[in-house]
1. If I filter the stretch 113-129 down to residues being open to solvent by 40 Å² or more (accessible area, probe 1.4 Å) and under 13 Å from the mean Cα position of the chain (by Cα), which single residue comes out as farthest from Leu85 (Cα to Cα)?
2. For the stretch 130-139: of the residues being farther than 17 Å from Arg178 by Cα and among the hydrophobic types (A, V, I, L, M, F, W, C), which is surrounded by the most Cβ atoms within 10 Å (Cβ to Cβ)?
3. Cβ-Cβ below 8 Å, separation at least six or inter-chain, first residue in the stretch 170-181 and surrounded by 22 or more Cβ atoms within 10 Å (Cβ to Cβ), second in a strand (DSSP E or B): which pairs?
4. Name the single residue, out of those in the stretch 59-71 being open to solvent by 20 Å² or more (accessible area, probe 1.4 Å) and assigned to a helix (DSSP H, G or I), that is nearest to Thr32 (Cα to Cα).
5. In the stretch 86-139, what residues are polar (S, T, N, Q) and part of a helix (DSSP H, G or I)?
6. Consider the stretch 206-220. How many of its residues are out of contact with any Asp or Glu (no Cβ under 6 Å at 6 or more places or on another chain) and either basic (Lys, Arg) or at pLDDT below 65 (or both)?
7. Select, from Ala83, Ala48, Ala42, the only residue that is open to solvent by less than 10 Å² (accessible area, probe 1.4 Å), modelled with pLDDT of 90 or more, in a helix (DSSP H, G or I) and in contact with a helix residue (DSSP H, G or I) (Cβ under 6 Å, 6 or more places away or on another chain).
8. In this structure, is Glu153 open to solvent by 10 Å² or more (accessible area, probe 1.4 Å), more than 26 Å from Ala53 (Cα to Cα) and either of a type in the set (Gly, Ala, Ser) or part of a helix (DSSP H, G or I) (or both)?
Amino acid sequence: MKDGDGPGDGDPDGDGDGCGVLPGSIRPGGRTARVRASVLRAAGDALAEHGFAGLDLADVASRAQVGRTTVYRRWGSAGALVADLLVDMAEQSLARSRTGSLLGDLKENARLVQRTLVDPRQGPLFRAILAAAATDDSTARALRRFYEIRVAEWAGCVDDAVERGEIPAGTDAREVVRAVSAPLYYRLLTTAEPPDETAANRAAEGAFVAAHAGVYLRVRPGAPQPGAVGDPEPAGEHEVGR
């Protein structure tokens, strides 16, 4: 990573920002927001082209047409820049779908993930971020937060399905959503080939069937209860979802 041209090269964009501003804490609106948007867009382009190892703050500043001092002061490292990029991606990501059925919603979720992974820009960008998270702690934390936000957004479709009686009460909504995207990322990581729409539909259908069968209940029928004494009761003596 080339951070050779450190602070002190002037501040041509003249926005007057001081040191110590945390990534993601910049106030919205005005020139500051425009600078942040330009820098994050440039960082995404650079990541997609060169990966995390080739992410150079001076290059990002040049792409964004802002002063290098601004980038170094505000973000300070490639990891902090990627972390803020993930914050921005979470803020800009699409709301969940509402098709009226759990299977329909899960398929929409799976297809969204699939389209992202095959996109000429977003696919390489996500692969670079996944690779960076394996070696950079700040990126790893930001990536976990990104997926916490996205999983929480889509968990509502599972909660709605419980209310409609499609799946058992007590279903862990977040686990169902994770089960949709997990096979798609696994395929990408193990074959280096982005998943197709057939794979996306299959992942959604698998998660739906498992949820309907009670696989994702928070407490499975017949499972030992915390603090319970002795053997668990036979599974048949429990109602699904109790």
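The values are calculated or read from the model by the stated rules, or taken from the named source; none is laboratory data. The model shown is predicted, which means the values in this text are computed figures rather than measured ones. Methodologically, a virtual Cβ is constructed for each residue, glycine included, from the backbone with ideal geometry; neighbour enumeration extends over all protein chains shown. For accessibility, only protein heavy atoms count, side chains too; no ligands or nucleic acids. Shrake-Rupley method; radii C 1.70, N 1.55, O 1.52, S 1.80 Å.
1. Per the criteria, the residue is Arg127.
2. Here is the first cut: in the stretch 130-139, the ones farther than 17 Å from Arg178 by Cα are 131-139.
Still in the running and among the hydrophobic types (A, V, I, L, M, F, W, C): 131-134.
Working: Ala131: 16, Ala132: 23, Ala133: 21, Ala134: 10.
For the stretch 130-139, the residue satisfying everything is Ala132.
3. Within 8 Å, the pairs are Thr171/Leu217.
4. Within the stretch 59-71, the match that is nearest to Thr32 (Cα to Cα) is Arg68.
5. Just the residues of the stretch 86-139 that are polar (S, T, N, Q), to begin with: 92-93, 97, 99, 101, 109, 114, 116, 122, 135, 138-139.
Gln92, Asn109, Gln114, Thr116, Gln122, Ser138, Thr139 - these are the residues of the stretch 86-139 that are polar (S, T, N, Q) and part of a helix (DSSP H, G or I).
6. Number satisfying all stated conditions: 1.
7. Values: Ala83 fails: open to solvent by less than 10 Å² (accessible area, probe 1.4 Å); Ala48 fails: open to solvent by less than 10 Å² (accessible area, probe 1.4 Å).
Only one candidate passes the filter, namely Ala42.
8. Values: open to solvent by 10 Å² or more (accessible area, probe 1.4 Å): yes; more than 26 Å from Ala53 (Cα to Cα): yes; either of a type in the set (Gly, Ala, Ser) or part of a helix (DSSP H, G or I) (or both): yes.
Yes, satisfied.
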